[in-house]
Structures are given as C-alpha cells and as structure tokens.
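Notes follow once the structure below has been shown.
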Amino acid sequence: MPDFLKGKKQLSSAEANHSRCVAKVRWIIESVNGKIKQWRYFSQTIQNSSTPFVGGYLNIICALINAYTKTSNIESDNQKQWATRMLELRDKENQLEQRLQQINQTKNRPQWKKYDAQMVNFPTLTEEDVQHICFGTYQIKQAKSYIEEHLKPSILDNEKYEFVVELSTKHVDLVRVRFASRHSSNKTYIATVQFDEDDYDEPIKGWFCTCAAGARIIGFCTHITALIWHLGVCRGETDSSDPQLSANNLLSNLEDCIQYSDNTSSSDDDDDSSETSSDDD
Ligand SMILES: [Zn+2]
C-alpha cells in the first residue's frame, strides 16, 4: 500500500520513495484495467445477475485486446535498469532536504534573488537524461504545463516571457523556483535543485521540493521536473511567439475576484502523490 498524508503537509523521504515504488508497480495494472474499461460493458456497474457470465466476457475482451491492440513495452533495458536503481535508492535519505533544514536554521539565512532562467549556468541535459532520473515520462508530460504557468512577462521587454528562478551567492550550487499552487492562490511550493556543471556523469546532485511528494529521491515531483527540464533541456529559453504562454497573466488580472479554497488536498499540485494515479507510462 502507498503511504497517506494523514494530516501532514508532506510525506517523509522514505514514505515518498515507498509510494513511488508502489505507483511504479501499479501503473501497468491500472493501464490494463483502463484498456478493459474502454469496452462499454466493463465501464459501468455490472448487475449481480450477470455474475455467471462476467468471467467469460472478460476472457473474450482480454483476448481481443491481446490480439488487436499494442502491448505495453515493459521489458525494455531501461525498465530493468530503472527498477534496480529504484531499489538501491529506496532506503536512502534526501541529503538536500537535510542541508536545506540546516541552512534555514542558521542565523544568517541566505538571501535569494530572482533571475531569468537564461542567466543560470545550469548543466545541459537531454530528454533521456531527465527520463533516467525521473524513471519514466509521466512527470515530464505533467511538467510542461507547469513551466507554461510559471512564465511571466519580462520586466525589460513586455513582449517576452521569462522563467523566474532564485539564486543565492552563498550557495552557488543551488537553484530554486517558487511555483504557485494550482488550487490555492496563496500557496507556493519551493523546488530546489543542487547541481555541478563540472560533473558530466552526474550533474544533478540532489533535489527537494516542499510539496507533498517533494522529499523523495526515487525520481522527483512535477515541480522539480519542470525546473530541471526548463533549465537543463530548454536552456531557459521560452517561445515568446506563443500568446497563450502564461496562465499567470490571466490569473493576475482575475486575482481580486476569484477566491480559491485553502482547504485543498495537500496532494493537489503533485499528481504523482495520489495513491491511485498511474504514475508512469
Ligand atoms: Zn513539488
């Protein structure tokens, strides 16, 4: 069973890692269940009187799915490699979480200043690099909309958009981004990534986010994925030709007249913390 928040704001690193492993195992089962439910008969409540026939119907449906639909590719080398790595990481602590706790407890807490992501000397990454750290593509698909929502018009050029990050001169190996919650107007999640540009084999050294699933080290939450994807793969560049880039533009205008509930689920911004969601593909 995955772990539940039970009133807490965040799962511990161990709990989040455990939930990630459960989701990774469960997604293929949910994926197959979804295929079966595409058939109208199995997408609705089935009467008790049909019980004697349901097994036979299910066999027929599964035979048709096996014969005529594409099978899930779960036997790739990546999957085996990822499974081994996930088991290695399962019981490890989040070192960056501990470091950030120490930083926040010091008297002279670091000042964080805002910059456009294009100003950051962040390691160059490929899509495959990010997939290997995420152990899949689910978070990457989710992250792209988070990036768009985080874009804001540039102060210097209102025609352009920028992805705002925060840097501190005291901790030059860290970059963080403050993501607005999708469901609560006054809630933000801080995603922090530790990197080393000179380490070509392992340039991403650690990550921690304040969202519900943000402490895990088996992959990372969607906020961390958005940060790493935009800085590492997109190199901080935005497509300023897209007029619908930023939902923030719209939201900032409507902020005064829209009241969001504060009583949202703590997993609201991080779909992968949902215990039943299919986490990968
Ligand atoms: Zn997060």
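Every number in this text was worked out from the coordinates using simple rules, so none of it is lab data. Just so it is clear, the model here is predicted, and its values are computed rather than measured. Because the Cβ atoms are built from the backbone with ideal geometry, glycine has one as well, and the counts that use them run over all protein chains shown.
The calculated FRET efficiency for Glu159 paired with Gln95, based on their beta-carbon distance and R0 = 35 Å, is about 0.25. Simple spin-label estimate for Asp173 and Tyr200 gives 2.0 nm between the two label positions (7 Å along the Cα-to-Cβ direction from each Cα). Placing a pseudo-label 7 Å from each Cα along the Cα-to-Cβ vector at Ala83 and Thr51 gives an inter-label distance of 3.6 nm. With neighbours defined as other Cβ atoms within 10 Å of a residue's Cβ, the residues Thr137, Thr192, Thr169 order from fewest to most as Thr169, Thr137, Thr192. Rg then Dmax, both in Å and based on the Cα atoms of segment 13-273: 21.7, 71.
Once both labels are modelled 7 Å past Cα along the beta-carbon direction, what's the Asp239-Trp39 spacing in nm? Computed distance between label sites Asp239 and Trp39 equals 4.0 nm. The residues Thr126, Thr210, when put in order of fewest to most other Cβ atoms within 10 Å, stand as Thr126, Thr210. Partners of Lys6 within straight-line reach, counting lysines whose Cα lies under 21 Å from its Cα and excluding those fewer than 8 residues away in the same chain: Lys187.
Straight Cα distances below 24 angstrom link Lys37 to the lysines Lys24, Lys70, Lys141, with same-chain residues fewer than 8 positions distant left out. Between Cys62 and Gln102, what is the FRET efficiency for a Förster distance of 41 Å, r being their Cβ-Cβ separation, to the nearest 0.05? The calculated FRET efficiency here is 0.15.
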